[in-house]
Amino acid sequence: MQNARKLRLALAASTLLAGSALTAPAFADGPNVVTTIKPVHSIAAAVMAGVGTPHILIDGAASPHGFALKPSQAFLLQGADVVFWVGPELSSSLEKPISSMADKAAHVELLDVEGIEQLKWREGDQFDSHDHGEQDDHGHDDHADHGHDDHAHDHEKTAEKHDNGHDDHDHDKDHAHDDDAHEHEEEHAAHDDHDEHAHEEEHAEHDDHGHDHGHDHAGGNDPHIWLNPENGIAIANAMATTLSEVDPTNADTYQANAKAFAEKVSGLEAEISAKLEPVKGQKFVVFHDAYHHFEHHYDIEASGAITVTPEALASAEQVAEIQSRVRDQNIVCVFREPQFDSKLVNVVIEGSNAKVGVLDPLGTELANGPDLYPALLTGLADSLADCLKS
């Protein structure tokens, strides 16, 4: 699985470079780079500063879990030179569109790049009995299969308040990685038909609503890698390497920008650690299990999550278990997320003294650009510190 992913990137990159004969492609405004989520877009914007501006697919309050492409977004993929995304572990519904629409682009699955610290998913909604620090080796030549077959997402009921209008659609995708050469065998029609192509991806097999697509993370790695600042730096370095291969004319700029990004993010470590130090040991519950990488890096630990993934509505039994935990263990704060309805959080804190705070793993309310990523990290620290103060 790992070798197949690396082969896909190598084939795509070599095709781009070989297609230019003896000279590199000339990009008037930099290569056409497409990213998925806001934090990844922010890192790409920092690395591309002075060369070009990346595009983003999943903007605003939209969730990467079960995201459905619009025709305009499909058009972006069709014109991409490079696609940076975390991988199907985070957004499985994008795997086929990226493979088929961006068939001539270099695809970089950031979960696999060199230097990423891997953490296993925490199992269930209550974490106290599990080892939070369980992780894979940092070397990625042999790291574990990320369980693509287990990541069909549950879209049965969602409290998500995004505007893409596909809350109940079935995005069950075949995640089997066939011969990666298919990316170079498929020839797409001219872009004039991109609207029709997008609708085929968007609406295929959507006749039956409300299916149960159990979101099984067993044995897989937690894809919220960007919430560890060291992973953010690894992502920037991987982006600089790929962009330098695709656009060697600007290689020095990409490398210098990645170095500046690393210095800026590293400079936040002391500030964030100082904010969190006074509240270490305070107990809190999160809306969904997205913060393991942040918690592990800064040596704090959530006592539980209301739901593992926001698209799978917690059962009555799960809510009752979390309610008991909040009351019996004197949970100080329960965190909601701005893009989801807060009613469930309000139910969980009934009969307790817990406060309600806000954590946002994507920076949905932050302006896009290179400053979003540092602001996201400091914002998480501020929210935790403010709500967990005695």
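Entry note, the stretch 268-388: relative contact order of 28 percent, from Cα contacts under 8 Å with a spacing of 6+ residues.
Separation of the alpha carbons by more than 30 angstrom is noted, of Lys259/Lys389; Lys259/Lys355; Lys38/Lys120; Lys70/Lys275; Lys96/Lys120; Lys38/Lys355, for Lys259/Lys389; Lys259/Lys355; Lys70/Lys275.
A simple count of charges around Leu243, restricted to other residues whose Cβ falls under 12 Å of its Cβ and scoring Lys, Arg +1 and Asp, Glu -1, yields -4. Excluding Glu269 itself, what net charge comes from residues whose Cβ is under 13 Å from its Cβ, given Lys and Arg +1 and Asp and Glu -1? Neighbourhood net charge equals -3.
With a ≥ b ≥ c the root eigenvalues of the C-alpha gyration tensor of the stretch 268-388, is it rounded (a/c under 1.5), prolate (a/b larger than b/c) or oblate?
Numbers: a/c = 2.15, a/b = 1.41, b/c = 1.53.
Judged from the Cα gyration tensor, the stretch 268-388 comes out oblate (a/c at least 1.5, b/c at or above a/b).
Computed from backbone phi, the HN-Hα couplings of the stretch 268-282 come to 7, 4, 5, 5, 5, 4, 5, 5, 8, 3, x, 10, 4, x, 6 Hz, rounded to whole numbers (Karplus: 6.51 cos²θ - 1.76 cosθ + 1.60, θ = phi - 60°; Gly and Pro given as x). Per the Cα gyration tensor, the stretch 317-390 maps to an equivalent ellipsoid with semi-axes of 27, 14, 8 Å, ordered largest to smallest. Within 13 Å, Cβ to Cβ, of Asp81, how many net charges do the neighbouring residues add up to if Lys/Arg are +1 and Asp/Glu are -1? Residues near Asp81 contribute -3 overall. Sequence-ordered 3J(HN,Hα) estimates for the stretch 42-51 from the Karplus curve with 6.51, -1.76 and 1.60 and θ = phi - 60° stand at 4, 5, 5, 4, 5, 5, 8, 3, x, 10 Hz, glycine and proline given as x.
Values in this text are rule-based calculations from the coordinates and carry no lab data. Values in this document were obtained by computation on a predicted structure and should not be read as measured data. For neighbour counting, all protein chains shown are included, and Cβ atoms are generated from backbone atoms with ideal geometry for every residue, glycine included.
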